[in-house]
1. Quick one: is V224 assigned to a helix (DSSP H, G or I), of a type in the set (A, V, I, L, M) and touching a Ser or Thr at 6+ places or on another chain (Cβ under 6 Å)?
2. All but one of (1) touching a strand residue (DSSP E or B) at 6+ places or on another chain (Cβ under 7 Å); (2) hydrophobic (A, V, I, L, M, F, W, C); (3) within 30 Å of S94 (Cα to Cα) hold for L153; state the number of the condition that does not hold.
3. Can you pull out every residue in the range 135-164 that is among the hydroxyl-bearing types (S, T, Y) and either more than 26 Å from the chain's Cα centre (by Cα) or open to solvent by less than 40 Å² (accessible area, probe 1.4 Å) (or both)?
4. Looking at (1) farther than 18 Å from I232 by Cα; (2) assigned to a loop (DSSP other than H, G, I, E, B), find the lone condition where S189 falls short.
5. Take the residues in the range 254-291 that are without any contact (Cβ under 8 Å) to a residue 12 or more places away in the chain and part of a helix (DSSP H, G or I), then tell me which one is least open to solvent (accessible area, probe 1.4 Å).
6. Conditions first: (1) without any contact (Cβ under 8 Å) to a residue 12 or more places away in the chain; (2) crowded, with 16+ Cβ neighbours inside 10 Å; (3) not charged (D, E, K, R). A115 passes all but one, so which condition is the exception?
7. How many residues, within the range 174-187, are farther than 25 Å from Y287 by Cβ and crowded, with 16+ Cβ neighbours inside 10 Å?
8. Pick from V190, V213: which is free of Cβ contacts under 8 Å to residues at least 24 places away in the same chain and open to solvent by less than 60 Å² (accessible area, probe 1.4 Å)?
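The values are calculated or read from the model by the stated rules, or taken from the named source; none is laboratory data. All figures in this text were calculated on a predicted structure; none of them were measured in a lab. Because the Cβ atoms are built from the backbone with ideal geometry, glycine has one as well, and the counts that use them run over all protein chains shown. All accessible areas refer to the heavy atoms of the entire protein, side chains included, with ligands and DNA or RNA removed. Shrake-Rupley method; radii C 1.70, N 1.55, O 1.52, S 1.80 Å.
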Amino acid sequence: MPRTIVISLVVALILVGGTLIIKHNSSTHAEKSALIATQVNALNQPLITEYAEQLQMMANENSSTTESTTTENYPTINTPSTPSQPLTATDQLSRNLFTQYMSLKESGVDMTNTAVTQQLADNLLSQNYVTGTTTMYTEKNLTIIANPTNQNLVAYGNALGAAISIPLPTRAQSEINIFQTFAETNDDSVLVSLDSDVSRYKKIERALLTTPVPEEFTDAHLTVMNAISQIIHDITVVEGFSTDPVGGEIALTDYPNTVNTLGTALEEEKNLFAQNNVSFGQSDPGYAIVK
């Protein structure tokens, strides 16, 4: 697996009827910011402004302890109920855009000023958007061998090598190839194929979780496991790009860093085997670690 993966996507936000529609193409951070700033101007359209003001009025009424003011002169707006699941990264960005726009507008800021919309776009891009939670493993999740013998070390190396060598199904593509195809074609239907990659990494994760670990290898093993867990999360988020493009781009950005972390941890495993004079033949599963 390559250690350096360059996949750059742009998120172009187009506000239509209060809904953010997101497309992707290669771009720089500055171009993303400019695109967002351009689309912020859509909020200045009369229909969108009226929509925003109505939502603000409804929010004020809901928070008041007095009798609600009639809104019969306003069109009915179907507002979503409180979500039962955490907001996606795209939802978070959309909410932040709407909230910050209304706050600036209500404070009297000229929202047609290009410098103002550019600053708003920069602020939006600088914020952290959560793409969900990832399982993080600790020593409590492992069976640790306090005083391992050479036999224990060899068994561990073979189990580790067998785990990371679990193959994809026949004719299935690796996630990096799928990511590249997606970046080149902008066709998110190709992401459905990522199911096979997620399934493979989950098998690796389960195998690593059930492998007894020599005490000296604990930190490296946990780093490997948590990197695998993060890769599962990243691939799963990218797979849902059509419904959460902001989260998908974040995951695509995180993915190569996680792969590098995994590679560093496996290199540490290799060094620990060398320090303990443990070797493997080419036919042994552990050879995948030390070759």
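1. no
2. Of (1) touching a strand residue (DSSP E or B) at 6+ places or on another chain (Cβ under 7 Å); (2) hydrophobic (A, V, I, L, M, F, W, C); (3) within 30 Å of S94 (Cα to Cα), only one is false for L153: (3).
3. Across the range 135-164, the qualifying residues are Y137, T143, T149, Y156.
4. (2)
5. N271
6. Result: A115 fails condition (2) only.
7. The qualifying residues number 5.
8. Result of the check over V190, V213: V190.
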